[in-house]
Structures are given as structure tokens and as C-alpha cells.
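The values are calculated or read from the model by the stated rules, or taken from the named source; none is laboratory data. Just so you know, these numbers come straight off a predicted model, no measurement behind them. Note that we place each Cβ from the backbone using ideal geometry, even for glycine, and neighbour counts take in every protein chain shown.
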Amino acid sequence: MYVSGEESAEQIKLRADRLNINNEKLLFLAETDIDQVENALEKEEPDFVIIDSVQTMYSEEITSSPGSVSQVREITARIMKMCKQKQITTIIIGHVTKDGNIAGPRVLEHMVDTVLYLEGERYFSYRILRGVKNRFGSTNEIGMFEMRNEGLQEITDPSSVLISEREEAATGSVIVASLEGTRPILLELQSLATPTVFGLPRRTANGIDYNRLVLLMAVLEKRAGMNLGSQDVYLNIVGGMKVNEPALDLGIILSVASSYKNKSIPENVAVIGEVGLTGEVRYVNMIEKRIKEAEKLGYQKVLIPESNKKVLKESYKLDIIGVKNVIEALNHLKLKETKGF
């Protein structure tokens with residue numbers, strides 16, 4: 001049963017026709033009164049219920065407006081009580097703000113058993129279903145989907161999709177291995193370093209923290225002697241993905257260096273590693289999963305921290321290069337010829 005407080009039956013029918021949904025077992029109810037919703041659930045006893053959305057539902061026993069703390073608490077409590085008694089799986093949809101947080105009172109997240117966020121950028125077709133709370137299992141799994149004319153379609157191999165349009169011998173481009181929960185995903189990092197026309201150089205970061213880019217550029221200037229003070233630097237993660245994990249650090253540094261030196265990084269190379277302020281390449285977690293993902297997609301070489309290479313137990317078909325610091329990584333890719341550190 002699909003309970004909609006947002007749209008009428010006619011509006012939902014138009015969307016169902018567009019998505020070619022014709023299911024005799026699908027029931028629809030356009031209602032915002034929780035009493036009427038409860039009566040329908042008792043009468044039909046469906047196996048699966050969707051409430052869209054909790055901010056539109058109200059109870060006449062409470063005088064406050066729909067979407068308030070008291071209304072959301074009462075509506076959620078009544079839905080959970082009935083559905084748990086009758087063993088009905090229920091999804092309660094809540095609005096989110098521009099920042100991606102659930103709109104209004106956060107009490108909704110505390111009351112339910114599982115909280116799932118459907119994340120995505122406005123101008124990109126990819127969506128990530130991420131669990132942030134789960135009383136029944138792990139929150140380390142994600143689902144990745146693409147919005148198409150026929151609705152959301154599952155992406156079974158996100159790595160190949162995100163790096164499929166990479167140009168050959170493009171400077172500033174590098175492949176990095178990220179983790180979304182416990183799922184490895186290969187991403188393409190692109191950097192552009194160009195002489196600034198103003199006195200103050202610009203730095204722009206899409207997909208990573210801006211301060212992280214500035215910090216890593218300072219490491220590159222201090223430890224590798226690259227004069228980036230006269231360069232505007234732009235960094236982008238292809239596909240609109242947002243990643244905060246430190247395992248992308250080495251890839252960011254090599255990407256910026258590649259664009260600055262105007263030398264391309266070989267297409268068959270993937271990069272993994274966290275970088276410290278002294279320029280050392282530090283240990284990252286779940287290195288085996290990242291290497292296997294690169295191996296699966298046909299990469300022939302991967303740069304990883306030396307500390308990770310020492311503890312590897314399995315053998316791989318691709319060439320694994322351990323680096324202790326950014327100088328070794330730059331020298332290996334011939335982005336800077338230097339012997340010192």
C-alpha cells in the first residue's frame with residue numbers, strides 16, 4: 001500500500017504510467033489523516049507500506065500543525081505500533097533540507113529502526129542509498145543507482161561507470177580507489193593547474209573538502225619544491241561523487257603535480273594512500289578490497305603505502321608498488337626527478 005499525503009491519485013497514476021507500473025497487488029491511498037490510514041491498514045493488512053511523507057500526516061488529537069515535533073512523534077509512534085503488531089514492513093519518507101538533513105524534528109530518526117539516506121546532486125543522475133542507522137544489521141553497505149526515464153536503475157558495477165569516459169593521456173587525471181562503507185569504488189580525479197591572472201591564486205574543490213586540497217598543496221610545495229603559489233588549481237571528482245576519506249590524498253597530490261608538470265599519468269595505474277604533513281604516505285584500511293577492485297577492472301599497476309605492502313598476504317596479477325613518501329611516488333611516475341626528501 002502506497003499512502004500519499006503529497007500527491008493525488010491522478011498525479012501518481014501519471015507517474016505510474018510513465019514508469020510502466022501496472023501491478024494489481026499495488027494499493028493506493030491519498031490521505032493525510034492518520035486515523036483514516038490506520039483504518040485502511042487494518043482493513044487491507046498489506047505486506048508492505050510506504051508513507052509519503054510523515055511531515056504531511058496529522059492526528060486530530062493534537063492541535064499543532066503537521067510536521068511539528070508533537071505531530072511527527074505521535075504519527076511515527078502510531079505507525080510503528082500498528083505495523084509491528086501486524087508484522088507489516090513500513091517505509092516512512094521524510095523531507096530533507098538543502099544540506100541533506102531530515103527536515104524538522106530529528107525525533108523521527110531516533111524512533112525508527114533504520115534510517116536510509118538517498119543522496120545525489122541536482123545536476124547528476126547518480127544516487128547513493130546509504131544506511132546511517134540500522135538495528136538489524138550493518139550500516140557499511142551502500143546501493144548505487146542511476147536516474148533514468150524509467151526510474152531509478154541499479155548500477156551493479158559503479159567503478160566502470162565512473163571511469164568509463166576517461167580520456168587517453170590526459171594530464172591531471174588519475175584513478176583512485178575509494179571506499180563507500182565496505183564497497184570499493186574506483187573514481188577519476190581531475191586537476192587543472194593554470195597560471196593565475198590575479199595576484200591571489202584561486203583553489204576550487206568539487207567532491208572533496210576544500211581545506212584538504214589546500215593542505216595537500218602545501219605539502220606538495222614544501223616537500224616536492226613545486227611552486228604552486230602562482231597557479232590557480234581546480235580539482236574535481238568525476239560523476240558528482242563526494243568523498244572525504246584520506247585514502248585519496250596521494251591521488252590528489254599526483255593529480256595536481258601531473259597538471260602542473262603537464263605530464264600524464266599512465267592509464268593503467270591506480271593510486272591509494274593517505275599523506276601526512278611531512279610528506280609520508282600512511283597506511284590505509286581495507287587495502288585488499290581496493291586492490292582487487294583495480295585488478296578486476298584491468299589495471300596493471302597500483303601505488304600503495306609501503307606499510308600496506310608489507311602486510312599483504314595475497315598475491316595479485318597487477319604490479320604493486322609501495323611508496324614511503326610523495327617524492328618516491330612522484331619519481332616513480334616521472335612527475336619530478338629528485339633524490340632528496
Q | Given (1) more than 22 Å from V284 (Cα to Cα); (2) surrounded by fewer than 18 Cβ atoms within 10 Å (Cβ to Cβ), index of the condition Q231 fails | A | (2)
(Q) Can you tell me how many residues within region 36-69 are more than 23 Å from L26 (Cα to Cα), under 34 Å from the mean Cα position of the chain (by Cα) and surrounded by fewer than 15 Cβ atoms within 10 Å (Cβ to Cβ)? (A) 1
Q) Is at least one residue of region 303-318 farther than 21 Å from L192 by Cα, more than 28 Å from the chain's Cα centre (by Cα), acidic (D, E) and modelled with pLDDT under 95? A) yes
Q | Residue that is nearest to L19 (Cα to Cα) [pool: residues in region 124-156 that are of a type in the set (D, E, K, R) and exposed (fewer than 14 other Cβ atoms within 10 Å of the Cβ)] | A | E150
Q. Quick check: is even one residue across region 231-248 more than 30 Å from E121 (Cβ to Cβ) and touching a Gly at 6+ places or on another chain (Cβ under 9 Å)?
A. no
(Q) I'd like the full set of residues that are in contact (Cβ under 8 Å) with a residue 40 or more places away in the chain and out of contact with any Leu (no Cβ under 7 Å at 6 or more places or on another chain), limited to region 195-216. (A) R212, L215, L216
Q) When only residues in region 172-184 that are surrounded by 21 or more Cβ atoms within 10 Å (Cβ to Cβ) and of a type in the set (V, I, T) count, which is nearest to R130 (Cα to Cα)? A) V176
Q. Scanning region 76-90 for residues that are within 31 Å of the chain's Cα centre (by Cα) and more than 21 Å from R106 (Cα to Cα), which turns out surrounded by the fewest Cβ atoms within 10 Å (Cβ to Cβ)?
A. T89
Q: Check whether at least one residue in region 298-305 is assigned by TED's automatic domain parsing to the domain that holds P195, surrounded by fewer than 19 Cβ atoms within 10 Å (Cβ to Cβ) and either touching a residue at least 60 places away in the same chain (Cβ under 8 Å) or within 19 Å of L235 (Cβ to Cβ) (or both), and report yes or no.
A: no
Q: Could you list, in sequence order, all residues of region 247-264 that are surrounded by fewer than 24 Cβ atoms within 10 Å (Cβ to Cβ) and within 24 Å of G298 (Cα to Cα)?
A: K263, S264
Q) Among the residues of region 208-244, which ones are in a loop (DSSP other than H, G, I, E, B) and not β-branched (V, I, T)? A) D209, G225, M226, N227, L228, G229, S230, G239, G240, M241, K242, N244
Q. Picking from S160, S173, which residue would you name as being touching a strand residue (DSSP E or B) at 6+ places or on another chain (Cβ under 6 Å) and either small (G, A, S) or without any contact (Cβ under 8 Å) to a residue 24 or more places away in the chain (or both)?
A. S173
Q.
Tell me whether region 106-115 contains one or more residues that are modelled with pLDDT of 90 or more, β-branched (V, I, T), touching a helix residue (DSSP H, G or I) at 6+ places or on another chain (Cβ under 8 Å) and buried (at least 16 other Cβ atoms within 10 Å of the Cβ).
A. yes
